[in-house]
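These notes concern the structure reproduced below.
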């Protein structure tokens, strides 16, 4: 049973989505405005990719 959950989790993390679907994901509701700016319209992202991009954007100094 634990292996099934791990497989589903891994498959979900490796799946790639377009910007519009990521922005609508409950996981990123707080960051919609930032994601609109940092994600490209014509690129596909995994949740891991989005987390990395979001982390970089949040650590960036505000001018």
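The values are calculated or read from the model by the stated rules, or taken from the named source; none is laboratory data. These numbers come from a predicted model, not from an experiment. For neighbour counting, all protein chains shown are included, and Cβ atoms are generated from backbone atoms with ideal geometry for every residue, glycine included.
A few notes on this one:
- Within the range 30-44, the residues that satisfy the criterion of being touching a helix residue (DSSP H, G or I) at 6+ places or on another chain (Cβ under 9 Å) and farther than 12 Å from residue 57 by Cβ are 32, 40, 41, 42, 43, 44.
- Restricting attention to the range 10-23, the residues that are surrounded by fewer than 16 Cβ atoms within 10 Å (Cβ to Cβ) and touching a helix residue (DSSP H, G or I) at 6+ places or on another chain (Cβ under 9 Å) add up to 5.
- Residues in the range 23-52 that are in a helix (DSSP H, G or I), in contact with a strand residue (DSSP E or B) (Cβ under 9 Å, 6 or more places away or on another chain) and at pLDDT 95 or above: 50 alone.
- Filter result (loosely packed, with under 12 Cβ neighbours inside 10 Å and more than 10 Å from the chain's Cα centre (by Cα)) within the range 44-63: 55, 56, 58, 59, 60, 61, 62, 63
- Matching residues, the range 30-43, being exposed (fewer than 14 other Cβ atoms within 10 Å of the Cβ) and under 11 Å from the mean Cα position of the chain (by Cα): 32
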